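Asks: Handing you this structure, nothing more for now.
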Amino acid sequence: MAPTEEPPVVVAARGGRRAGPMRWGLLPHWARDPRAGTRMINARAETVTTRSAFSESFRARRCLVPASGFYEWESLPSGKQPWWIHRPGGSLFAMAGIWSVWPAPDGARIATFAILTRSAPSSIRWLHDRVPVILEETVWDDWLARGTTTPVLNAVLEGAEQPDLQLHPVSRAVNRAGWDEPACIERVEPGEPGLGIQLEL
């Protein structure tokens, strides 16, 4: 998944939940430039209630973003090295998100979302200082329900445990837009051809 792509996202629906595609990169309804969404793929959990671009969605439109893992990049003299970060065994998890609907000039209504982030656990902080907020199933309904109060939402975020995550390096071919296949997340050891691929982006 990359910014502006449209993965399935889960929201509250009458009688339960529903999943549908949304564009990654939140666009508030008042945004004038659709390119602004590429700068709002993430929202810091610590400030989501106070930033004007995110606060309305946090109060009224929250979502879950299913995933089996995510990438972070290590800066090396030879270029950016991607790492795949996942739960042990590769099990699916749900990331906390917020969403909005942007009225496009042509009349289309485009659903967009951002992923909430938090401080990274010590095992990952050398690579990146932030990770997605991962919510356990016991709090999904509270997170999605439109009527959940801000204190309860804050408690959900504060109570989210640091996830047990593992990571390994993967091929630099991941850096190429559009490459999406199972090999993307296969471990590549130092010295293997895939680790040293150089791409002109």
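Asks: Which residue is surrounded by the fewest Cβ atoms within 10 Å (Cβ to Cβ), if the candidates are limited to the stretch 1-30 and must be within 21 Å of Glu137 (Cβ to Cβ) and of a type in the set (Lys, Arg)?
Replies: Among them, the one singled out is Arg14.
Asks: Can you say whether Ala94 is under 25 Å from Gly15 (Cβ atoms) and buried (at least 19 other Cβ atoms within 10 Å of the Cβ), as far as the supplied structure shows?
Replies: Working: under 25 Å from Gly15 (Cβ atoms): yes; buried (at least 19 other Cβ atoms within 10 Å of the Cβ): yes.
Considered against the rule, which asks whether it is under 25 Å from Gly15 (Cβ atoms) and buried (at least 19 other Cβ atoms within 10 Å of the Cβ), Ala94 comes out as yes.
Asks: Go through the stretch 37-53 and give me each residue that's of a type outside the set (Val, Ile, Thr), more than 16 Å from Pro132 (Cα to Cα) and in contact (Cβ under 8 Å) with a residue 40 or more places away in the chain.
Replies: Passing the criteria: only Gly37.
Asks: Moving to a separate point now. Criterion first (assigned to a strand (DSSP E or B) and either closer than 17 Å to Leu135 by Cα or among the charged types (D, E, K, R) (or both)) does Val9 satisfy it?
Replies: yes
Asks: Of all residues in the stretch 59-70, which are small (Gly, Ala, Ser), within 19 Å of Ala45 (Cβ to Cβ) and under 16 Å from the mean Cα position of the chain (by Cα)?
Replies: In the first step, residues of the stretch 59-70 are kept if they are small (Gly, Ala, Ser); the result is 60, 67-69.
Still in the running and within 19 Å of Ala45 (Cβ to Cβ): 60, 67.
The one that is small (Gly, Ala, Ser), within 19 Å of Ala45 (Cβ to Cβ) and under 16 Å from the mean Cα position of the chain (by Cα): Ala67.
Asks: Does the stretch 71-86 include one or more residues that are within 23 Å of Thr4 (Cα to Cα), of a type in the set (A, V, I, L, M), modelled with pLDDT of 90 or more and more than 12 Å from the chain's Cα centre (by Cα)?
Replies: Within the stretch 71-86, the first condition is being within 23 Å of Thr4 (Cα to Cα), and the residues that meet it are 71-74, 80-86.
Those still in the list that are of a type in the set (A, V, I, L, M) too: 85.
Going one step further and asking which of them are modelled with pLDDT of 90 or more, we end up with 85.
Restricting the remaining residues to those that are more than 12 Å from the chain's Cα centre (by Cα) gives 85.
Yes: one or more hits.
The values are calculated or read from the model by the stated rules, or taken from the named source; none is laboratory data. Computed from a predicted structure; not experimentally measured. Glycine gets a Cβ as well: all are built from the backbone with ideal geometry, and neighbour counts include every protein chain shown.
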